[in-house]
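K.L.:
Sharing a structure, written as structure tokens. Questions coming.
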Amino acid sequence: MPSITIENLTFSYPDCSSPALYEVNLTIEAGEFIVITGATGAGKSTLLRCINGVIPHFQPGTLQGNVWLDRATPSGRVPVARVSAPQLARFIGSVFDDPEGQIVSPIVEEEIAFGLENTGVDPAQMDDRIAKALADCGISHLRHRATSSLSGGQKQRVAIAAVLALAPKILVLDEPTSELDPDGTEAVLKVLFELNKNHGITIIIAEQKVTLLAPLCDRLVLLEKGRIALQGPPRKVFMHPYIFAKLGVELPAPARLAHALVQAGVLPPLDSPDAPPIPLTVEEAFTLSRQLL
Amino acid sequence: MSVSIEYIPTGSPVHRLHALTKLIFALAVLTISMLLSQPLPLLLLFFSLLGIAALASVSQEILSAVKGLLKVAFFLALLQVFFYPEGTVLFAPIPSLPGLSVTDQGIIFGISMALRMMVIVTSFLLFLTTTPARSTVLSLVEYLKVPYDYAFLFITALRFIPTFLEEVRLIGQAQEARAHDFSGGGPLARLKTIFPLALPLVMISLQRAERMAMAMETRGFGLPGRTYYRTEKPGAVDIMVIVALLSAVAAAVLLRF
Ligand SMILES: Nc1ncnc2c1ncn2[C@@H]1O[C@H](COP(=O)(O)OP(=O)(O)O)[C@@H](O)[C@H]1O
Ligand SMILES: [Mg+2]
């Protein structure tokens, strides 16, 4: 069942001659973990802003086409642009790239409570929901900490927990790890993976770190100058190293190894029926190499 | 001076007061400082603010801001001293220009003016460093029924005070260096010189408010029927402080008229 359906979406920022997104069509299934990638300026953030309603609710510009949100209610799907930003919060949780700008409360538990208060949740239920959101993000121990004292990775997990408390069906995250160190990045991605697997939350994330996300995601979408250049499951899209090279997106090392093995004549062409699947992780690459020896 | 002043969580008794109480405090100090015309009471008021800053454990930040303020205050005092026409003439630096003479009342007026500015700015800095922006927005919306777009604007404007003063000081220095008469041209001309410099800073400030509005609205802020995790109602201490503040304002009004 589709969760988000994007139809012929074209968007231009004010006073920009060329559109930041051009005729984008994309259907995102409920429960999917989808990674949007591409070079800087390819339009990743713009696409996410159209999905989470920041465009048109906060960012002006010219919008054509539609982004449909399936609310799984009898009234069916609605264009995101028609649902007010606070209303959208119940369906789509948005996490932005900078950990500072999105945290509004001095204490972690107040930050989690904020969305619950806004959506009129009964205060008697709040403690449980705060505890659950924090536990799901692996940060129960931070509950009473001052938000200003947290590391970047902790702040991003607080930001995720804060939107998660509203029980959204979809999480939209714009480079949530761009300002984080490797440990923080790993912790945040692990949380997203578990939310997707255990709670069936649709994850839509813009990231440059394809290597880390390939083993976690269902689908990769490569953007080029506001258009979808390539999309599919990671093992499929990694069959096209030249497109990655052309777009300036780094092909993960395990996939590069597979291509090198083909070139060396050790492996059959990767699209032939007897070729092994492209490895996504170092472990898979190791297993493949071992089989060959 | 930093570009903007931020909430500093120290958990002091001042921090624990309700945002509304602290807002009333800043406004009461503003009113009282307007009613006082003598340097001494204004100086006393100023030192009590520093005392409160110490109580709130934000002295360091406030003092560094005050240091920046001193220069602006000095300019302000100087301007008043030279251009205040009334009172007994103490001396005239340029005999052919009687308008520039220094009078006893001019000195008092200049010093009071400078102190008043320091008092007002310091009280708002105290408010900003001890109150999270979120609580201010909530108080404005919930208690004072301010539409929340305006509440965000208010926060932005407040945060912008130190930046703006710093700008004024820099412009003053630059004009001094170029041997410009700072008072040259009307207030409009002066504003024109400040404007292009201040504009990018206003933009940054507005962007930040916009980002905060986005962070809040994408989490449901603005929906009807808001509930409260912990009732953020003003407590007994808050009521006492507010009553004391209002009495002080009333006393100042009575003394003045
Ligand atoms: N707020 C904005 N105003 C004007 N142009 C913008 C704005 N944000 C992005 N753009 C432009 O839109 C294009 C796509 O940008 P963006 O979606 O931010 O790409 P990415 O997130 O992939 O780096 C770029 O050419 C960028 O310069
Ligand atoms: Mg981006």
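Coordinate-derived values only; no laboratory data. Because the structure is a prediction, the values reported are computed rather than measured. Cβ sites come from the backbone with ideal geometry, for glycine too, and all protein chains shown count toward neighbours.
K.L.:
How do B:F257, A:F58 rank when sorted from fewest to most other Cβ atoms within 10 Å of their own Cβ? Provide the component values of the computation, followed by the final result.
P.N.:
Working: B:F257 6, A:F58 16.
Final ranking by Cβ density, sparse to dense: B:F257, A:F58.
K.L.:
Here's another thing I want to ask about it. With +1 on the Cβ of every Lys and Arg and -1 on the Cβ of every Asp and Glu, and nothing else charged, how large is the dipole of region A:102-165 about its Cα centre, in debye rounded to the nearest 20? Display every interim value, and only then the final one.
P.N.:
Values: 6 positive and 8 negative charges, 63 e Å.
Here the size comes out at about 300 debye.
K.L.:
Still on this structure, please answer the following. How high is the relative contact order of chain A? Use alpha-carbon pairs under 8 Å, at least six apart in sequence, and give a whole percent.
P.N.:
Values: 534 pairs, mean separation 63.4, N = 293.
Averaging sequence separation for qualifying contacts and normalising by length gives 22 percent for chain A.
K.L.:
Return A:S105, A:S178 ranked ascending by Cβ neighbour count within 10 Å, so the fewest neighbours appear first. Before the final figure, lay out each step's value.
P.N.:
On the way: A:S105 19, A:S178 16.
Lowest count first: A:S178, A:S105.
K.L.:
Enter the mean number of other protein chain beta carbons within 10 Å of the beta carbon of each residue in A:146-155, as an integer.
P.N.:
Values: counts 3, 2, 5, 1, 0, 0, 0, 0, 0, 0.
Per residue, the average neighbour count from other chains is 1.
K.L.:
Which number comes out as Rg/Rh for chain A once both Rg and the Kirkwood Rh are worked out on C-alpha atoms? The partial results should precede the final answer.
P.N.:
Details: Rg = 20.1 Å, Rh = 20.2 Å.
Rg divided by Rh gives 1.00.
K.L.:
From the C-alpha coordinates alone, can you work out the Kirkwood hydrodynamic radius of region A:92-190, in Å?
P.N.:
13.2 Å
K.L.:
Averaged over A:110-121, how many beta carbons belonging to a partner chain fall within 10 Å of each residue's beta carbon? Intermediate results must be reported in sequence, preceding the final value.
P.N.:
On the way: counts 6, 2, 1, 4, 8, 5, 6, 11, 10, 7, 6, 5.
Average per residue, whole number: 6.
K.L.:
Restricting the calculation to Cα positions, tell me the Rg (one decimal) and the Dmax (whole number) of the protein assembly as shown in Å.
P.N.:
29.5, 105
K.L.:
What relative contact order, as a whole-number percentage, does region A:252-292 give when Cα pairs under 8 Å and 6 or more residues apart are counted? Could the numbers behind the result be given before it?
P.N.:
Numbers: 31 pairs, mean separation 16.9, N = 41.
With pairs under 8 Å counted, the relative contact order is 41 percent.
K.L.:
For peptide A:125-135, compute the average count of partner chain beta-carbon atoms within 10 Å of each residue's beta-carbon.
P.N.:
On the way: counts 1, 4, 1, 0, 0, 1, 0, 0, 0, 0, 0.
Mean partner-chain Cβ count within 10 Å for A:125-135: 1.
K.L.:
When a footprinting reagent is the concern and you count Cβ atoms within 10 Å, what order do B:F83, B:F75, A:F244 take, fewest first?
P.N.:
Working: B:F83 14, B:F75 18, A:F244 21.
Exposure proxy ranking, most exposed first: B:F83, B:F75, A:F244.
K.L.:
Once you place label points 7 Å from the Cα toward the Cβ at A:A131 and B:L30, how far apart are they in nm?
P.N.:
Placing both labels 7 Å beyond Cα along the Cβ direction yields 4.4 nm.
K.L.:
R0 = 41 Å: FRET efficiency of B:A54 with B:L144, Cβ-based, nearest 0.05? If you can, show how the numbers build up before the last one.
P.N.:
Working: r = 29 Å, r/R0 = 0.72.
Between B:A54 and B:L144 the formula returns 0.90.
K.L.:
Quick check for me: using +1 on Lys/Arg Cβ and -1 on Asp/Glu Cβ, what's the dipole size of the protein assembly as shown about its Cα centre, in debye to the nearest 20? All intermediate terms of the calculation are to be shown ahead of the outcome.
P.N.:
Working: 43 positive and 46 negative charges, 133 e Å.
In total the dipole reaches around 640 debye.
K.L.:
What size of dipole, in debye to the nearest 20, comes out for chain A about its Cα centre when the only charges are +1 on Lys and Arg C-beta atoms and -1 on Asp and Glu C-beta atoms?
P.N.:
Details: 24 positive and 32 negative charges, 108 e Å.
Roughly 520 debye, rounded to the nearest 20.
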